[in-house]
Amino acid sequence: MAAAAICVEDEAACAAAECAGIGNLDLAAAGAGAGGKRSVYLMDCAPVWGCASTRGRSTEMEDACAAAPRFADVPVRLLASRRDLDRLGLDADTLRLPAHLFGVFDGHGGAEVASYCRERLQVLLRQELRLLSKDLGETSEADMKEHWDELFTRCFQRLDDEVSGQASRLVGGVQETRPVAAENVGSTAVVAVVCSSHVVVANCGDSRVVLCRGKEPLELSIDHKVSFFVAKLEL
């Protein structure tokens, strides 16, 4: 069994997301940096990261890791309300935070789908962020979570359509509509968008995001397994 993992260290992040949502913001922590002089929203630094993978007993490495520092800028209104930003003396209309994308794709049946996801997901996510930014109005905390949920859903659906051949994709400069690989080849996907103030995560399948604070692990994603959905139906 092949395995891949990516490790990100981001001391600036002060809130976490769960299943494409965003956590409650600690305004005291967000408003003051070292010595209470600098807002965490104004920090511009890429996190330290590393990646490790092992082929295990598989005949080939089927998994892939993605790391794209500063892959996009996220409007701060997708992370905090105008009221909260006004309290911190920040411009809600113009402030954008550098975002860093990290992902793990656990392939099965072959490496084609995992490799395609590694290269393509950041492109689609950047496009969806750009489209959302154009029509972004006033946002409440519920609106923010809904925006992120819809954004990742569209992104994953577009990626799935391209992989399955239901949507055209660019191959060697030519638009083609054909599957990336055979039907028995696939991949999980788990991604984290890391900003200076928030971490937003989404997953499809049983790959996992874990936030470590000291010695305490905090799971930020929920594995998608048949048993999980059966339990939900029974409830």
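Restricting the search to region 40-73, which residues are in a strand (DSSP E or B), of a type in the set (A, V, I, L, M) and crowded, with 16+ Cβ neighbours inside 10 Å? Correct list: ALA64, ALA66, ALA67, ALA68, ALA72.
Applying a threshold of 8 Å to beta carbon distances and a minimum spacing of six or more residues, or different chains, the list of pairs starting in region 141-169 at a residue that is within 16 Å of CYS117 (Cβ to Cβ) and in contact (Cβ under 8 Å) with a residue 40 or more places away in the chain and ending at one that is among the small types (Gly, Ala, Ser) and surrounded by fewer than 16 Cβ atoms within 10 Å (Cβ to Cβ) reads GLU162/SER168.
Of everything in region 167-196, what is of a type outside the set (Val, Ile, Thr), modelled with pLDDT of 90 or more and in a loop (DSSP other than H, G, I, E, B)? Give them in sequence order. Walk me through how you get there before you give the answer.
Step one: filter region 167-196 for residues of a type outside the set (Val, Ile, Thr), giving 167-170, 172-173, 175-176, 178-179, 181-184, 186-187, 189, 192, 195-196.
Filter once more, so that each one left must be modelled with pLDDT of 90 or more: 179, 181-184, 186-187, 189, 192, 195-196.
PRO179, ALA181, ALA182, GLU183, ASN184, CYS195, SER196 - these are the residues of region 167-196 that are of a type outside the set (Val, Ile, Thr), modelled with pLDDT of 90 or more and in a loop (DSSP other than H, G, I, E, B).
For beta carbons closer than 6 Å, sequence separation of 6+ or different chains, a first residue in region 49-72 that is farther than 18 Å from SER115 by Cβ and a second that is in a loop (DSSP other than H, G, I, E, B), the qualifying pairs are PRO69/ALA46. Looking at region 69-90 only, could you name the residues that are basic (Lys, Arg) and farther than 12 Å from GLU138 by Cα? Across region 69-90, the qualifying residues are ARG70, ARG87. In the set (1) of a type in the set (A, V, I, L, M); (2) without any contact (Cβ under 8 Å) to a residue 60 or more places away in the chain; (3) outside any helix (DSSP H, G or I), the condition left unmet by ALA80 is number (2). Checking VAL104, VAL123 one by one, the residue that is within 20 Å of GLN157 (Cα to Cα), hydrophobic (A, V, I, L, M, F, W, C) and in contact with a Cys (Cβ under 6 Å, 6 or more places away or on another chain) is VAL104 and no other. Restricting attention to region 126-144, the residues that are hydroxyl-bearing (Ser, Thr, Tyr) and either in a helix (DSSP H, G or I) or within 19 Å of PHE156 (Cβ to Cβ) (or both) add up to 1. Pairs meeting the criteria (first residue in region 200-227 and without any contact (Cβ under 8 Å) to a residue 60 or more places away in the chain and closer than 21 Å to HIS147 by Cα, second residue surrounded by 15 or more Cβ atoms within 10 Å (Cβ to Cβ) and among the β-branched types (Val, Ile, Thr), beta carbons under 6 Å, at least 6 apart or on different chains) are VAL209/VAL190; VAL209/VAL201.
Here region 127-156 is the region considered, the condition is being crowded, with 17+ Cβ neighbours inside 10 Å and within 12 Å of the chain's Cα centre (by Cα), and the residue that is nearest to GLU62 (Cα to Cα) is PHE156.
The values are calculated or read from the model by the stated rules, or taken from the named source; none is laboratory data. Everything quoted here is computed from the prediction, not taken from an experiment. Cβ: placed from backbone, ideal geometry, glycine included. Neighbour counts: every protein chain shown.
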